[in-house]
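Below is one structure; the comments refer to it alone.
The values are calculated or read from the model by the stated rules, or taken from the named source; none is laboratory data. What you see is a predicted model, and the numbers here were worked out from it, not measured in a lab. Methodologically, a virtual Cβ is constructed for each residue, glycine included, from the backbone with ideal geometry; neighbour enumeration extends over all protein chains shown. Each accessible area value is taken on the protein alone, full model and side chains, heavy atoms only, with ligands, DNA and RNA left out. Shrake-Rupley method; radii C 1.70, N 1.55, O 1.52, S 1.80 Å.
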Amino acid sequence: MANEGLHADIRQLAGVGEKRAAAFLRLHISTLGELLSHYPRTYENRKTCKKIIELQNEETTCIKAVVFSAVKTSVIRKNLRVHTVRVSDGTGFLDLVWFNNRFLEQRLKKGETYVFYGKVRLSPKKQMQTPLFELPDKQKQTGRIFPVYPLTEGLTDAIVADCVEQALALCRDAIPDSLPRSVREAYELCTLEFALQNIHFPTDRRAYEAARRRLAFEELFLFQTALFSLKERRSAQSVALMTASPAPFVTSLPFSLTGAQQRVIREIATDLKGGTAMNRLVCGDVGSGKTAVAAAAVYIAVKSGYQAAFMAPTEILATQHYKGLSAFFAEHGIKLELLLGSMTAAARKKALARLASGEADVAIGTHALLSENVHFKALGLAVTDEQHRFGVSQRRTLSDKGDNPHVLVMSATPIPRTLALIIYGDLDVSLIDELPPGRQTIDTFTVTEAYRKRIYAFIEKELAAGRQAYIVCPLVEENGTPELQAATEYAKTLQKDVFHKRRIGLLHGKMKGAEKDAVMAEFKNGDIDLLVATSVIEVGVDVPNATVMLIENAERFGLSQLHQLRGRIGRGSFKSYCILMNRSRQEAAGARLQIMREQSDGFKIAEEDLKQRGPGEFFGTRQHGLPGFKIANLFTDMALLKETTRAAQDFTEGKIAYTSDEFVLLSDKINALFDNRVTFS
């Protein structure tokens, strides 16, 4: 099948009509190519059969046995029928049990031999519940290593596996391989055809490992090749030289910088003096002092004769930066301009004029800075706060406001250094891995539902003392999952039944930006005692008076997200407390949350988060600047990362040969990752 076959509609497969196609679409699958890249999440070994006498309790396995008795059906209650049949393989007997399977008697024949696959229980009776079964000469789901897929309602593993087999058969003769032959040979990688066949239906462990290595290599290679290409393109451009010293600014600060802050400022100053545009990520834990470092960069730019832009994700955070930087620069004659979407037309017009004329040195704002009518006289530095809230294209739009300005992006998501250097391959990475002295530790507790009344009493005690509190929920509105606290209904219940004397506010992601900013401003000003919110507050405003945070269904959040949320409190002089409500009965959930009790280092928490959840959930979706990896794991594939880093660099520098056809395939895949065109040297 030709290349366009991979783009063929999934409905051309046998058994896929409109209803099943809609189910596949919920998994973001509409073409054969998307189906083939829907990789199994695990596998079940259904190759070998065990003897009944060898069966162990709770094991899932195959047996090959003869149906010894007719199907017996019992009516337990209305709408519940239990079907049992006894089988034997000569070493013992086993009872098989199904529920409400009305066609069972027609499909199972006494005296016939079948292969059964299911979970065994030895107590109180030796039985296997709801096993699947096939005739020995017609095996499709047994007698092999069988894939287990991410599913949705209307799809089963058997349905997906059957569709994948059809797609492989249709596309087998001409699956385009985007990895150049020279790369495959240099790194001993199998072909894409072999990889796809054996990632879905591996013949053995060696075949699976070869397939997975090949597919993970390709994902990482494509991503890193794109990043190296972007970096190479930038290095060829001329850039403004900024030679002013940050020393006067640092000396004027009302506090001493940590060693980590001083080191990062030196790295930034060196970049600004060079002949290449700075593209640096400053990554630090909550409260590590990233803003002061960014302010030093702004100071250098302005004192070197250029303007700076400082973009934040929300109006209230932009306003907070405006106030903070105004205080920093008060004695240095640096003029700041605040640019927000909510400004009046007259105020906006004046602000734009001051930026265009150069009267204003620094623009601080939200996405409003990206508007077409925002012009600078001499933009030399673009700073983006909380970079994961902005996509690659948004950062580029801000940079395009100047003539190849220096770029500084900041992130409060702590990332292990080696990993950060690879993930942000288009950026140089600085880590602020040291907290200022005196930063208080937040006491963290994990509790169950049994403690709820005591927790509410504790929150009331803090409110009565004049403090404020957050309650964080994983949902906005009720969705039929009763164990999850929904912010809107929960806020009403708390106001009516628990904290009826307190002023309760509500904040969630479905609110408009102006609404969110207004609520957060009320909370910051003390007009709200208790703020019920979703995780939208994980990147937010300093409220020094907030001392308690209760996180409902904490087991539903990632560790790094919990750490970010916890960082909203403990920002003043008062003792602060984070309470994690665990409503899961699973032992693993409690053990995971225990890490939050024992650990306050964001970098160590991030490592645990990566181990447990993988990079896809940890870093978020593509609109936040990173592509999702379907099979590569940025934490466990460190050895492979080193190989792909070397391969991508060699390829970008022209040290690896490729044909024109290979180039087209490769560049098309790379451009699908990012909203830009890349070029190779």
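Go through (1) out of contact with any Cys (no Cβ under 8 Å at 6 or more places or on another chain); (2) modelled with pLDDT of 90 or more; (3) surrounded by 21 or more Cβ atoms within 10 Å (Cβ to Cβ) one by one and return the number of the condition Phe557 breaks. For Phe557, the failing item is (2).
Can you find a residue that is hydroxyl-bearing (Ser, Thr, Tyr) and within 30 Å of Pro248 (Cβ to Cβ) anywhere in the stretch 340-347? Within the stretch 340-347, not a single residue is hydroxyl-bearing (Ser, Thr, Tyr) and within 30 Å of Pro248 (Cβ to Cβ). Counting only strands (runs of 3 or more DSSP E) that sit wholly inside the stretch 354-425, those with at least 2 residues that are open to solvent by less than 30 Å² (accessible area, probe 1.4 Å) and either modelled with pLDDT under 90 or of a type in the set (D, E, K, R) (or both) are 406-411. Looking only at the stretch 653-670, residues that are within 14 Å of Arg184 (Cα to Cα) and among the hydroxyl-bearing types (Ser, Thr, Tyr) come to 2 in all.
For the stretch 297-331, the set of residues classified as among the polar types (S, T, N, Q), touching a strand residue (DSSP E or B) at 6+ places or on another chain (Cβ under 8 Å) and part of a helix (DSSP H, G or I) consists of Thr319, Ser326, listed by residue number.
Kindly indicate which of Glu54, Glu44, Glu58, Glu18 is free of Cβ contacts under 8 Å to residues at least 24 places away in the same chain and within 44 Å of the chain's Cα centre (by Cα). Break it down into steps so the answer makes sense when it comes.
On the way: Glu54 fails: free of Cβ contacts under 8 Å to residues at least 24 places away in the same chain; Glu44 fails: free of Cβ contacts under 8 Å to residues at least 24 places away in the same chain; Glu58 fails: free of Cβ contacts under 8 Å to residues at least 24 places away in the same chain.
Glu18 is the lone residue from the list that is free of Cβ contacts under 8 Å to residues at least 24 places away in the same chain and within 44 Å of the chain's Cα centre (by Cα).
Kindly indicate which of Gln197, Gln224 is in a helix (DSSP H, G or I) and open to solvent by less than 40 Å² (accessible area, probe 1.4 Å).
Values: Gln197 fails: open to solvent by less than 40 Å² (accessible area, probe 1.4 Å).
That would be Gln224, the only listed residue that is in a helix (DSSP H, G or I) and open to solvent by less than 40 Å² (accessible area, probe 1.4 Å).
When the stretch 509-539 is examined, which residues are found to be in contact with a Phe, Trp or Tyr (Cβ under 8 Å, 6 or more places away or on another chain) and either among the hydroxyl-bearing types (Ser, Thr, Tyr) or part of a helix (DSSP H, G or I) (or both)? Write out each step before concluding.
Residues of the stretch 509-539 in contact with a Phe, Trp or Tyr (Cβ under 8 Å, 6 or more places away or on another chain): 529-533, 535, 537.
Ser535, Ile537 - these are the residues of the stretch 509-539 that are in contact with a Phe, Trp or Tyr (Cβ under 8 Å, 6 or more places away or on another chain) and either among the hydroxyl-bearing types (Ser, Thr, Tyr) or part of a helix (DSSP H, G or I) (or both).
With the condition kept exactly as written, say whether any residue in the stretch 34-42 is out of contact with any Lys or Arg (no Cβ under 9 Å at 6 or more places or on another chain), in a helix (DSSP H, G or I) and among the aliphatic types (A, V, I, L, M). Looking for residues that are out of contact with any Lys or Arg (no Cβ under 9 Å at 6 or more places or on another chain), in a helix (DSSP H, G or I) and among the aliphatic types (A, V, I, L, M), one finds at least one in the stretch 34-42, hence yes. Filtered by the rule that a residue be in contact (Cβ under 8 Å) with a residue 24 or more places away in the chain and open to solvent by 10 Å² or more (accessible area, probe 1.4 Å), the stretch 567-585 gives Arg568, Arg571, Gly572, Ser573, Phe574, Lys575, Tyr577, Asn582, Arg583, Ser584. Among the criteria (1) modelled with pLDDT under 95; (2) in a helix (DSSP H, G or I); (3) polar (S, T, N, Q), the one Gln237 does not fulfil is (2).
Only residues that are over 25 Å from Arg41 (Cβ atoms), assigned to a helix (DSSP H, G or I) and open to solvent by less than 50 Å² (accessible area, probe 1.4 Å): list them for the stretch 632-658, please. Explain how you work it out, then say what you get.
The initial filter retains those residues of the stretch 632-658 that are over 25 Å from Arg41 (Cβ atoms), namely 642, 645-658.
The next check asks that each one be assigned to a helix (DSSP H, G or I); those that pass are 642, 645-652.
Those that are over 25 Å from Arg41 (Cβ atoms), assigned to a helix (DSSP H, G or I) and open to solvent by less than 50 Å² (accessible area, probe 1.4 Å): Thr645, Ala647, Ala648, Asp650, Phe651, Thr652.
From the set of residues in the stretch 112-127 that are over 13 Å from Thr142 (Cβ atoms) and among the hydrophobic types (A, V, I, L, M, F, W, C), which is nearest to the chain's Cα centre (by Cα)? Per the criteria, the residue is Val120.
Annotation note: of Thr314, Thr270, Thr276, the sole residue that is of a type in the set (S, T, N, Q) and under 26 Å from Lys524 (Cβ atoms) is Thr314. Figure legend. Inter-residue proximity from the stretch 155-168: first residues under 17 Å from Thr42 (Cα atoms), second residues basic (Lys, Arg), beta-carbon distance below 8 Å, spacing 6+ or different chains. Indicated pairs: Leu155/Arg20; Ala158/Lys140; Ile159/Arg20; Asp162/Lys140.
Residues considered: Ser256, Ser245. Of these, the only one that is part of a loop (DSSP other than H, G, I, E, B), open to solvent by 40 Å² or more (accessible area, probe 1.4 Å), more than 20 Å from Gln307 (Cα to Cα) and modelled with pLDDT of 90 or more is Ser256.
Listed by position, the strands (runs of 3 or more DSSP E) contained in the stretch 44-116 that have at least 2 residues being loosely packed, with under 11 Cβ neighbours inside 10 Å are 72-77. When restricted to residues that are closer than 12 Å to Pro131 by Cα and of a type in the set (Val, Ile, Thr), the stretch 88-113 contains 1.
The set of residues in the stretch 310-346 being more than 27 Å from Ser256 (Cα to Cα), of a type in the set (A, V, I, L, M) and open to solvent by 40 Å² or more (accessible area, probe 1.4 Å) consists of Met343, Ala345, Ala346.
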